[in-house]
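The next block holds one structure in the form of structure tokens; read it before the comments.
Nothing in this text is a laboratory measurement; each read-out follows from the coordinates by a stated rule. Fair warning: this is a prediction, and the values are worked out from it, not measured in the lab. When we count neighbours, we look across all protein chains shown, and the Cβ atoms used for this are built from the backbone with ideal geometry, even at glycine.
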Amino acid sequence: MTSRDRDAAGRPRNARPRDALGRPLSRGEAGDFRIPDDLTLAGPEAAALADELLRAGRPFHAHEVLEASWKTGPAAERDLWQGLAQIAVGLTHALRGNARGAVTLLERGGERVRRYQAGLGPDGSRPYGMDVAGFLAVTAGLAERISRDGLEGIAAAELCPGLLVRNQ
């Protein structure tokens, strides 16, 4: 039996190689790049990296960035980061062909982010340059379509929504 890779504090790390959608590969196989287990980014940098990964069709990697922010960021932002991470997992499920998992995580993540939004005043609608309302509208629309029609007819490009506000 192979012992598990652990960090300096003794917490297990997942060193197993993964494919571009985060599926585990056999040990020894060449995997896709990994987001470091100890990633710590400030809100603007985390939002920018997650946006880049989402737009590139790498929601699993975006999830890892968002999860790191939820674990290391301010407690008041936990629902924001955790909900966005769940949405990224929902997009990962969709790209893997798992319609049921996609809908569940897209909806659950959206609910969590809306809970975060409910605590904000009118000036807090775009934390770290994120278009949270627009992102939620797109992902809620995807959840509705997937729930109604399945994944057929949804192009992979539709599963790559941006998170940041971009000037046209």
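Data for the structure
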read-out: Net charge of Cβ neighbours under 12 Å - reference ALA137; Lys, Arg +1; Asp, Glu -1; value: -1
read-out: Proximal charge balance of SER147 [Cβ under 14 Å; K/R count +1, D/E count -1]; value: 0
read-out: Rounded to the nearest 20 debye, dipole of the range 77-123 from Cβ charges on Lys, Arg, Asp, Glu; value: 240
read-out: Taking all pairs of distinct alpha-carbon atoms in the range 43-159, Kirkwood radius in angstrom; value: 14.0
